[in-house]
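Only the coordinates and a few stated rules stand behind these numbers; no lab work does. Fair warning: this is a prediction, and the values are worked out from it, not measured in the lab. Glycine gets a Cβ as well: all are built from the backbone with ideal geometry, and neighbour counts include every protein chain shown.
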């Protein structure tokens, strides 16, 4: 029997933790996100495990001459990568993701988000959830748009050229993925945005609001209606919202 590694390996963040973020007057928060493309299928499983991951019907060797198989033999196709539905697929994927980020000094104990633990006391928060990474930073509202390539010579960015701590952290995130040849979904990446999505929760760093993203809210609503056979009343977007800590 395969042991379940989740209790020991999994300690995930949650978007609702941004409801605990406390901002000073005239302060905001911005976020940068990264996504690994088909992360499970980038993770090669142990060779002895392949035979346990057979999929589909058996095939004749003669149907695939390019594989050099016995033309009269019957074979089964097996996954060589970590299966998304495997008992320990998520723990494997999470542990590998965190290992890469930690190799570049990210996800330190003083900045990492883990649901069930107290949120970090630092201005920067970091978290990885299977294939997603979020890096956020509390900044004065006057510096929300300060980053290299934009407003470098502005009155609020002249001192450091916009190189705030989250700029360095985001660069390290990209470097970590490149060092391990991990393919990224660059079209999903965001950088230094005042409105960003953290694991299903949308944060508006200027307005001080965190709520369930509209897409997730609709998905939950539709699933509830399908399971219960009921139509829920609609009001506005139909998603709950909260003002984090009452102080953003």
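Helix 165-179 axis versus longest C-alpha principal axis of the chain: approximately 10°, rounded to the nearest ten. Given the range 100-214, what percent of its DSSP beta bridges are antiparallel, to the nearest 5? Here the share of antiparallel DSSP bridges comes out near 95 percent. In this rough spin-label picture, where each label sits 7 Å from Cα along the Cβ direction, the residue 78-residue 172 distance is 4.0 nm. Simple spin-label estimate for residue 141 and residue 66 gives 6.0 nm between the two label positions (7 Å along the Cα-to-Cβ direction from each Cα). Taking Cα atoms only, the orientation of helix 214-228 departs from the longest principal axis of the chain by about 50 degrees. How tilted is helix 89-102 with respect to the longest principal axis of the chain? Cα atoms for both, answer in degrees (0 to 90, nearest 10). For helix 89-102, the angle is close to 50 degrees.
Fraction of C-alpha pairs exceeding 17 angstrom in the range 86-197: 59 percent, rounded to a whole number.
Stretched out fully, how many nm does the piece from residue 221 to residue 155 gain, at 0.36 nm a residue minus the Cα gap? Mind dumping the intermediate values first?
Details: separation 66, 0.36 × 66 = 23.76 nm, distance 4.64 nm.
Value of the extension gain: 19.1 nm.
Extending 7 Å from the Cα toward the beta-carbon at both residue 186 and residue 10 defines two label points whose distance is 3.3 nm.
A protection proxy built from the mean count of other Cβ atoms within 10 Å ranks the segments 197-206, 5-14, most packed first, as 197-206, 5-14. Over the chain, all Cα pairs binned in 5 Å intervals from 0 give whole-percent P(r) values of 1, 6, 11, 13, 14, 14, 12, 9, 7, 5, 3, 3, 1, 1, 0, 0, listed from short to long.
Counting other C-beta atoms within 10 Å, which of 155, 210, 130 has the fewest, and how do the rest follow?
On the way: 155 8, 210 25, 130 20.
Ascending number of Cβ neighbours within 10 Å: 155, 130, 210.
Segment residue 87..residue 44, full-extension length gain: 13.9 nm, with 0.36 nm per residue of separation and the alpha-carbon distance subtracted. The spacing between the range 8-48 and the range 127-194, judged by their C-alpha centroids, is 14 Å. Sorted on the mean count of surrounding Cβ atoms within 10 Å across their residues, most packed first, peptides 17-24, 72-79 read 17-24, 72-79. Rounded to the nearest 500, the 222 nm mean residue ellipticity of the chain from helices alone is -6000 deg cm²/dmol, with -39,500 (n - 2.57) taken per DSSP H run of at least 4 residues.
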